[in-house]
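Here the structure is laid out as structure tokens; the discussion comes afterwards.
Just so it is clear, none of the values below were taken in a lab; they were calculated from the coordinates. Nothing here was measured: the structure is a model prediction, and the numbers come from that model. Note that we place each Cβ from the backbone using ideal geometry, even for glycine, and neighbour counts take in every protein chain shown.
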Amino acid sequence: MRKRILAIGAVWMLLAGTAFVSFAQNNARTKVESGLIDAVSLFDEGRYKEASNLLRTLSAADPSNDAVCYYLGMCAIYLQDYDTAVDQLRQAVRLDPSNYWYRDRLARLYTGTKQPELAIDIYESLIKEFPKKTDIYYTLVQLYLQNGKIDEVMQTLDEIETIIGKDDMVALTKYDILMRQQKPEEAYAVLESYNKELDSPRILVAMGDHCVSQFKDTLALKYYNEALSYESGSPQALLGVSEIYRYRGDYPNYFASVTEFLNGEAAPLEMKTRYIQTLFQHTDPQFVRRFKPSLDLLVEAYHAQAPADSVVLQTASSYYYNTGDGEKARELIQSCCNLYPESISSRGIYVQLLTLLEDWEAAAPAAEQAFRDFPDQPAFLEMKTYSDYNLKDFEALIRDNERILAATSPRDTAARLRALSGIGDAWHEIGDSQKAYAAYDKALKIDPKYLPVLNNYAYYLSLEGKKLKKAYAMSKITVEAEPDNPTYLDTFGWILYLQGKALEAKPFFKHAMLYGGKDSATVLDHYAEVLYKLKEYDTARVYWNLAKNKNADGAIPDLDQRIEARLKAIE
């Protein structure tokens, strides 16, 4: 009897132990599931590192939990640890191979990490299991296209049509592919076949565009008008019609169509902006001059669509500036600045416009205020230096360039070189050569081959008649670097002349004449002096006359008196 009691007790203990283990396992799983909810909350809040740390603890407690692996992979994606992401998502798929979302996310990760073949394999297997899920087909089309699998693309598009029937996007994709394969007849046949079965404004517009490319404008116009009969105000059809009218020179109908396009509600504002910008970037200036009143009305219609939109205001302002209405351009961009005081680009355009209009009195304070509002943008100070120079406020020019140096990183060598060059030029204008040369020396320590400083340094030395060998060496670098730059050619030729080498100087001046030298009174005068030295008096007289005509602003104060003295000496 005692043995039986013991046996029964052993069985009870065994059963009790099994129940205890089962209870412990269930309790552990419950803790993991609870922890997973907390981890997902952290993930949703964007706290990916904290979520990942918690998920690793959960994974150690229950390595078979596929959701833990999935979210570990997702955290790794956002933490840009793509190797871990791939490992964890693969593990999630292994644990639950039937889960569509795990496989889809792994495929997208393969796409993002440039492993398209692995992504294609997953989507091809998914499409067998979910044959009615059309978004898989479209994803595969994109992957096939990106990897040049054209036959697979066409086959997949056919499968889409089998599932959902005829579709605009499918037909247009087939058309684009065939056109890229240089099969225009087959491509057009796709559109024709579709058009026979269904009425689609998009397909009709595509047919019109195709006919335009084949110079069949009458047939194109027919398709565009047919598209408009189905969808009144179709922006693509209206633009197609308008371009045909413009090509034919039928400007009343052209402007009517474009105005309808701009006033219509079907086209998004971005499309209208793109059209206006393209129109004025690629249009013959004579067309703009001839039809400016009509074009003004177009821009007014465009502006009226969104009178407070910053891009619209900037685009319209650009149009008015480029067509000679600077005041209207200023009014619009100033309005943009008032509406969007936080916009750096609008403020930059405004200051730049004032500079282009040469309104230095307005440009200087506008640039100053812009820099105060955006102190991390020293480019505004650079804009101000143009006003300083043209206002002949050389002390302000020095101060502003010194502020640029203070505001820019030593790594921004381009800005620092420009600033030091400006300081040197300003000191020269003031008449302090030593300070000018000191600024130039600092610039050349940054870049010993900085051409603007080398040229100005050499030229100012030549004007003083000092250190001509040093001036020659610096100037030689500039003409070797830019052999067609008339300013550099003038400096080098003049130094040669001052060294008593007029014959050597002559070809440099002749070359300068071919590349813009004739627009400078100084270059013309220097060349005439060289010719005079070489006793080529008649030619010298010609170039001095040209110099006098270019010296209307009196940049060379003694030019007339010196020419008169030279010519008297010849006589």
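At a glance:
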quantity: Isotropic mean projected area of the C-alpha convex hull, segment 25-74 (nm²); calculated: 2.9 nm²
quantity: Using θ = phi - 60° and Karplus 6.51 cos²θ - 1.76 cosθ + 1.60, couplings along segment 342-353 (whole Hz; Gly, Pro as x); calculated: 8, 7, 5, 5, 5, 5, x, 5, 5, 5, 4, 4
quantity: Crossing angle, helix 326-339 versus the chain [Cα axis fit, 0-90 degrees, rounded to tens]; calculated: 40 degrees
quantity: Potential lengthening between Glu571 and Phe287 on full extension [0.36 nm per residue; Cα-Cα distance subtracted]; calculated: 96.8 nm
quantity: Per-residue Cβ neighbour rank within 10 angstrom, fewest leading, Trp427, Trp101; calculated: Trp101, Trp427
quantity: Alpha-carbon centroid distance for the pair segment 234-301 / segment 56-77, whole angstrom; calculated: 58 Å
quantity: Protection proxy ranking, peptides 179-187, 354-362, average beta carbon neighbours within 10 Å, highest first; calculated: 354-362, 179-187
quantity: Whole-Hz ³J(HN,Hα) from phi, Karplus 6.51 cos²θ - 1.76 cosθ + 1.60, for segment 514-522, glycine and proline x; calculated: 7, 10, x, x, 5, 8, 10, 4, 5
quantity: Separation in nanometres of the label points that stand 7 Å from Cα toward Cβ, at Lys392 and Arg180; calculated: 6.3 nm
quantity: Convex hull of segment 155-272 built on C-alpha atoms - directionally averaged projected area, nm²; calculated: 8.0 nm²
quantity: Electrostatic dipole magnitude of segment 146-287 [Cβ: Lys, Arg +1; Asp, Glu -1; Cα centre; debye, to 20]; calculated: 440 debye
quantity: Gain on full stretching of the segment that runs from Arg90 to Ser232 - 0.36 nm per residue minus C-alpha separation; calculated: 46.0 nm
quantity: Given charges at beta-carbon only (K, R positive; D, E negative), |dipole| of the chain in Debye; calculated: 1960 debye
quantity: Space enclosed by the convex hull of the alpha-carbon atoms of the chain, per residue, Å³; calculated: 287 Å³
quantity: Calculated FRET value between Asp250 and Glu327, using beta carbons and R₀ = 30 Å, to 0.05; calculated: 0.35
quantity: P(r) of segment 312-416 over all Cα-Cα pairs, binned every 10 Å from zero, in whole percent; calculated: 16, 43, 31, 10, 0
quantity: Ranked Arg289, Arg103, criterion: other C-beta atoms within 10 Å, fewest first; calculated: Arg289, Arg103
quantity: Folded to 0 to 90 degrees: helix 116-129 orientation relative to the chain principal axis, Cα; calculated: 40 degrees
quantity: Note, ³J(HN,Hα) from phi for segment 465-478, Karplus 6.51, -1.76, 1.60, rounded to Hz, x at Gly and Pro; calculated: x, 10, 6, 5, 5, 5, 4, 4, 5, 5, 5, 4, 4, 5
quantity: Directionally averaged shadow of segment 507-571, computed from the convex hull of its alpha-carbon atoms, nm²; calculated: 4.0 nm²
quantity: Principal semi-axes in Å for segment 268-335 [√(5λ), Cα gyration tensor, largest first]; calculated: 18, 15, 10
quantity: R0 of 51 Å, Cβ-Cβ distance Asn225-Glu342: FRET efficiency to nearest 0.05; calculated: 0.65
quantity: Shape box of segment 120-178 [Cα atoms, principal axes, largest first, Å]; calculated: 29, 26, 14
quantity: Cα long-axis angle, helix 100-112 against the chain (0 to 90 degrees, to the nearest 10); calculated: 20 degrees
quantity: Ranked list, fewest to most other Cβ atoms within 10 Å of each Cβ, for Phe255, Phe371, Phe509, Phe287; calculated: Phe287, Phe255, Phe371, Phe509
quantity: Segment 421-520 - Rg over Rh from alpha carbon coordinates, Kirkwood radius; calculated: 0.97
